[in-house]
Amino acid sequence: MMKAICTRLLPKLVACGVLAIGFSSTARASCGDNLAAMATAKAVVSSSINKQLAAAPTGEGNNNSSIVGLWHVEFVVGGQTIQEAFQNWNAGGTEVHNPNVDPRAGNICLGTWLRTAGGTYKLAHRVWNYDTNGNFLGTISLSETTHLTNNGNVQTGSFKLDFYDASGSFQMEVSGSVTGQRIQVE
C-alpha cells in the first residue's frame, strides 16, 4: 500500500520541485500564492477533489447554455497543473475565484466576464498581490477565454497571467490552458 502511494506521489513531487526551481520565489500567481506553492498544493489535494467530482451526478441530461454556476477548474502550464480552484460565474457578469492556495496570503479573488457573439466566454480577473508578511508585491491580471462543451457541463480554453510589480511595471507572463467541470446540485 505504501509503495503504491509513493509511486503515485513521487512524480507529482518531482514535478513540483521542477516548478519551484523554474519559477523564482517572487513569481506569484492568482490570489497571492507563488506558482510552485500552487503546484504543491494541487498535488496534495487533487485526488480528494477528483473523488468528490467523480461521485457527483454528471448532469449529462442537462443542456446548460450558460456558464453561470459553480465550477471546479484546473490551470495547466506545460502539461503541469499549477492550480485548482472553485469558480462561481454569476448571472450579473461577475466571477468569484477560490483557489487552492494558503488562505493567509489571500484566496478569494474577483473578476468580471462576458459572452462574445461567437459563444465564447471572456474573463478579466484582477488580484492585489501581497506576501504572507503583508508586503504589497504588485498586481496580477488573469485573462481567460473559454467555451462550453458536453451539454454545457465542461469548459475548455486558455488563460494568461500578467505580473506587475508594486510600481506597475510589467514583470512576466505565464500562459496555459484551463479546463473546468460544472458542479451539479446532488
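The values are calculated or read from the model by the stated rules, or taken from the named source; none is laboratory data. Remember, it's a predicted structure, so these values are computed and weren't measured experimentally. Every residue, glycine among them, receives a Cβ derived from its backbone with ideal geometry; neighbour counts consider all protein chains shown. Please note that ligands, DNA and RNA were not included when accessible areas were found on the heavy atoms of the full protein model with its side chains. Shrake-Rupley method; radii C 1.70, N 1.55, O 1.52, S 1.80 Å.
Taking other residues whose beta carbon is less than 12 angstrom from the beta carbon of ILE67, and scoring Lys, Arg as +1 and Asp, Glu as -1, yields +1. Taking amide H atoms as placed 1.01 Å from N in the peptide plane, the amide H of ILE82 lies under 5 Å from those of PHE75, VAL76, VAL77, each 5 or more residues away in sequence or on another chain. Apolar share of the accessible surface for the stretch 75-129: 58 percent from carbon plus sulfur atoms, 1.4 Å probe. Within the full protein context, the accessible area of VAL154 is estimated at about 40 Å² for a probe radius of 1.4 Å.
At q = 0.10, 0.18, 0.21 Å⁻¹, what is the base-10 log of I(q)/I(0) for the stretch 101-186 according to the Debye formula with one equal point scatterer per Cα and no solvent? Please give it to two decimals. Result of the Debye calculation: -0.33, -0.89, -1.07.
Probing with 1.4 Å while keeping every protein chain in the model, the per residue accessible area of the stretch 86-186 equals 52 Å².
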